[in-house]
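The values are calculated or read from the model by the stated rules, or taken from the named source; none is laboratory data. Nothing here was measured: the structure is a model prediction, and the numbers come from that model. With ideal geometry, Cβ positions are generated from the backbone for all residues, glycine too; neighbour counts draw on all protein chains shown. These area figures cover heavy atoms from the full protein model, side chains too; ligands, DNA and RNA do not enter into them. Shrake-Rupley method; radii C 1.70, N 1.55, O 1.52, S 1.80 Å.
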Amino acid sequence: MDLSYSAEEQAFRDDVRDFLTTKLPEDLRDKVRDGGELNKADMERWHAILNAQGWLAPNWPKSFGGAEWNAVQRHIFEEEAAAHHAPRIVPFGLSMLAPVLQKFGSQEQCDYWLPRILSGEDWWCQGYSEPGAGSDLASLKTTAVKDGDHYIVNGQKTWTTLGQHANMIFCLVRTDKDVKQQEGISFLLIDMDTPGVEVRPIVLLDGGAEVNEVWFTDVKVPVENLVGEENKGWTYAKYLLTHERTNIAGVGFSQAGLTRVRRIAKSEMSGGKPLIENPHFAARLAQVEIDLKAMATTNLRIVSKAAAGTAPGVESSMLKVKGTIIRQEINDLARRAAGAYAMPFASEALEGSNAGLPDPSGAGPVASQYFNNRKLSIFGGSNEIQRGIIAKVTMGG
Amino acid sequence: MNFDLTEERQMLQDTLRRFLRERYDTATRNKIIESASGMSDDIWGQLAELGVIGALFTEEQGGFGGAGFDLAVVFEELGRAGVVEPMLDTAVLAGGLVADLGDESQQALVEEVIGGAMQMAFAHGEPSSRYDLNRVQATAKAEGDEIVLNGHKAVVVNAEAAQMLVVSARESGNIGDTDGISLFVLPADTKGITIQGYALLAGGRAAEVMLDDVRLPASARLGAAGKAFDAIEARVAAASVAQCAETLGAMETATHLTKEYLGTRKQFGRPIGTFQALAHRMSDLLIEMEQARSAVINAAGHLESARGERERQVSAAKNLMGRAGRLVAEDSIQMHGGIAMTQEYELAHIAKRIVMADHRFGDTDHHLERYIALAAA
């Protein structure tokens, strides 16, 4: 048992810190730190900086242009990136589609699509959920019918994050209705500029529209855009979901969130003293810190196992549940700390809409973030679904 | 013991509930929220016509109610429908303070409020006061026959729409003293007042109100010089009861929507409410709803009690509603899934109302500490 990083790991961390200190643009850092909204250009800029460094695709093999970091290195990077208020990397192409292509796609597909992900030429989004298929994803109804050298796609996807920026979408579609649900699903890559594709924004409760509905009406998709085999899409989707969960604990986000809560609570006054000195508030803060410290170690234990080659199973479901509970608790503390100044409508989604808003505690859109992050326990397999998985795996229910 | 509403209150509840059900749906409210004023004059006029504002004042004040249970009945319905119009600010807070403290000429304002012609706001909180009612830093200084106000009032709800403001300022003593605080009622366009407005997350609008050498005649003072604290505390108690009832109404809507959704939304071939994990969660919410209703009844029923008892009950209710409200809002969203987070779905607004109520008149922590202090006193 050794709780410290090895000399190599520490050297790596120093490199990461050095990079973040020198290469992360100040305006992006400030935006992330203060809860501002990142626009498309912001995200593309950070994408390009990481690509230039060769760190854009930490989990890809070197042969595909990735950094091929091990799990501990990836963890260090994620933790440092969050602590330095670096923008989050848009994951859809890099860490969701790419692993599927690398494992199940053809050589031609890898050669064509992967470089375009790195260069930023393609912006991918994910076409999984449907209005009737949320937690029960396998009941999805969007159909793809083969017609010569094309599929004809009809149906609707929803909750498509950042779909408004995307030119490509990877979709789960039904290619066989007459078999068990999971056995009639295929994994299809669709150009969003194809006639018949329509993107409609969904306005969320914080006023932002980061998610969309995507409608398909007789959309022609070339058969070479099928990944792997027809009707094997469910296997690929499950593989993708385990990748979606590699950083599911969000330890770095929570640490950055706590720093922010402390900052607000130091400037917010309560009874003539900074709120952070209020015993009741301090107790709440300490409670979350204690939970987070333990979870960070749980995360490292699982990460080390993964680094040794054991794929995390039920542990990733556990990290998802605990990680989201902690992140949401920190969001709750942040809005609590801001007091009456949490009431103004300062949405991170509506950049500049409330310019000049009085904000003595520097709290920013804490209440909007609190509401927005209710999504954490809903998406990527809700916490109820995760608990079901844990129960099934550990008790065989 | 009798927990039934009186006939008059029952009638008021039925009338108001019917009116709002017919006139105040999600799309209507979203349009009102997005409008420049953040409120509907039409709705306001009709609420006045229905007697809703009059029910918030006693007979001596020109109304026909004004007791804790009158406030509770009205605000539970306003909360159930997610009404964003500033009833709490114009009628209960500012209007109520004028009714409680005003001399004969000032009382004339109350009549206008009850008739629906007058909007008011209570400018009391300050950037560093947080939830303490006694931390008044704004100053009022006598200069000859005049009074000069200076200071910064924070997150003043309804300040932009208000024709008249009720402003607190310190005439003597130090920040934190209950003694020395005075109230003034003045036109919102008085020279020296700057109002910087903004929308609120849960609907409605508020503003920072800057007071720069605002000159008033001494007749603008409400009640005795330096002696306004008790009246402020009592009015904030009334507003807290109203707000707790409003939150209760909103929680009723949240649990109603959730129950319906659990019965109709199917996943894995069956209604999701048949999954025990969700059914038990729903049961927990319903248990908390009963707690919340009782907390509101306790506070409303003690609004006319002596100060110590009244304030303990109010702090108990605010603490419980903050906790139960958060649970109901968060679990209702969770059990719905993504749909609950979309602006066009009723629960999105209702959940914001429930949670943001904890940021006015003191949050769960503030009232827990206050309850302990009051119990020890």
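Values computed for the structure shown
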item	result
Region B:63-108 and region B:7-51: distance between their alpha carbon centers, rounded to Å	15
Amide H contacts of A:GLY163 (H built 1.01 Å from N, under 5 Å, at least 5 apart or other chain)	A:ASN212
Region B:112-128 - phi-based ³J(HN,Hα) in whole Hz, Karplus 6.51/-1.76/1.60, Gly and Pro as x	5, 5, 4, x, x, 8, 10, 9, 9, 9, 10, 9, 10, x, 10, x, 10
Cα pair distances in region B:1-69, grouped into 5 Å bins until the bin that holds the longest one, percent each	4, 14, 20, 21, 17, 13, 8, 3, 1, 0
Whole-angstrom gap from region A:206-237 to region A:1-34, using each part's C-alpha centre	35
In region B:19-88, the GluC sites (Glu not before Pro) that fall in loop regions by DSSP, at most 16 other Cβ within 10 Å	B:GLU59, B:GLU60
Computed over region A:122-235, Cα set: Rg, Dmax in Å	13.5, 45
Positive-end extreme of charge dipole, the protein assembly as shown - chosen from B:ALA121, A:ILE290, A:ASN70 (charges on Cβ)	A:ASN70
Test item: A:270-282 mean partner chain Cβ contacts at 10 Å	3
Max mean-square fluctuation residue, GNM over chain B, Cα-Cα springs under 10 Å, options B:HIS124, B:HIS367, B:HIS359	B:HIS359
Debye log10 I(q)/I(0) for region B:52-185, one point scatterer per Cα, at q = 0.17 Å⁻¹	-0.96
Neighbouring partner chain Cβ atoms per residue of A:127-135, average, 10 Å criterion	2
Those residues of region A:196-223 whose amide nitrogen sits under 16 Å from the label point placed on A:ASN39, 7 Å along Cα→Cβ	A:209-210
Spatial separation of Cα centroids for region B:167-214 and region A:161-187, in angstrom	57
Residue with peak Gaussian network fluctuation, chain B [Cα springs, cutoff 10 Å], from B:MET321, B:MET335, B:MET87	B:MET335
Total formal charge among the other residues, if their Cβ is under 13 angstrom from that of B:LEU16, Lys/Arg +1 and Asp/Glu -1	-3
Whole-percent pair-distance distribution, where bins are 5 Å wide, for the alpha carbons of region B:7-118	2, 12, 24, 24, 19, 11, 6, 2, 0
Other-chain or far-sequence residues with amide H under 5 Å of A:TYR151's (modelled H)	A:VAL221, A:VAL223
Size of electric dipole in chain B: Cβ of Lys, Arg +1 and of Asp, Glu -1, about Cα centre, debye, nearest 20	1380
Amide H within-cut-off set for A:VAL203, under 5 Å, with H built and near neighbours excluded	B:GLN343
Residue among B:ALA117, B:ALA228, B:ALA81 with the largest mean-square fluctuation in a Gaussian network model of chain B, springs linking Cα atoms under 10 Å	B:ALA117
Residues losing 50 Å² or more accessible surface upon assembly, region A:187-213, compared with the chain by itself, 1.4 Å	A:LEU205
Computed lengthening from B:GLU304 to B:GLU34, 0.36 nm per intervening residue step minus Cα-Cα distance	93.4 nm
With every protein chain in place, chain B: carbon and sulfur % of accessible area (1.4 Å)	50
Helix-only [θ]222 nm of chain B, DSSP H runs n ≥ 4, -39500 (n - 2.57) each, per residue, nearest 500	-16000 deg cm²/dmol
Cα-Cα pairs of region A:7-89 separated by more than 17 Å (percent)	46
Net charge contributed by nearby residues that have their C-beta within less than 9 Å of B:ILE43 (K/R +1, D/E -1)	-2
Interface size B-A, as summed buried accessible area [1.4 Å probe, Å², nearest 100]	4100
Projected-area average for the protein assembly as shown over all orientations - Cα convex hull basis, square nanometres	35.7
Under the Debye formula (equal points on every Cα, no solvent term), log10 I(q)/I(0) of region B:121-225 at q = 0.13, 0.15, 0.16, 0.17 Å⁻¹	-0.42, -0.56, -0.63, -0.71
Counting all C-alpha pairs of chain B, share separated by more than 28 Å (%)	44
Number of partner chain Cβ atoms within 10 Å, mean per residue of B:120-129	3
Taking the C-alpha atoms of chain A, convex hull volume expressed per residue in Å³	153
Qualifying GluC sites (Glu not before Pro) in region B:271-377, DSSP loop, other Cβ atoms within 10 Å at most 15	B:GLU304, B:GLU344
Contact order normalised by residue count of chain B, Cα under 8 Å, 6+ apart, percent	16
Reach of A:LYS62 by Cα under 17 Å, taken over lysines that are not fewer than 8 positions away in the same chain	A:LYS103
Point-charge dipole on Cβ atoms (K/R +1, D/E -1) for region B:230-376, about Cα centre, debye to 20	320
20 Å Cα-Cα threshold exceeded, pairs from B:LYS141/B:LYS227; A:LYS180/A:LYS238; A:LYS232/A:LYS320	A:LYS232/A:LYS320
Shape parameters for region B:230-376, alpha-carbon atoms, Rg then Dmax in Å	16.9, 60
Those chymotrypsin sites (Phe, Trp or Tyr not before Pro) in region B:36-129 that DSSP places in a loop and that have at most 16 other beta carbons within 10 Å	B:PHE64
Rounded tilt (10° steps) of A:314-338 against the dominant C-alpha axis of chain A	40
Qualifying aspartates and glutamates (Cα of each under 14 Å from Cα of A:LYS266; at least 8 residues distant if same chain)	A:GLU277, A:ASP359
Surface accessible to a 1.4 Å probe, B:MET39 within the full protein complex, Å²	20
Rounded accessible area per residue of chain A, 1.4 Å, Å²	43
Note, ³J(HN,Hα) from phi for region B:80-89, Karplus 6.51, -1.76, 1.60, rounded to Hz, x at Gly and Pro	4, 8, x, 5, 9, 5, x, 5, 4, 7
Phi to ³J(HN,Hα) by Karplus 6.51 cos²θ - 1.76 cosθ + 1.60 over region A:95-109, Hz, x for Gly, Pro	10, 10, 6, 4, x, 5, 4, 5, 8, 10, x, 7, 4, 4, 4
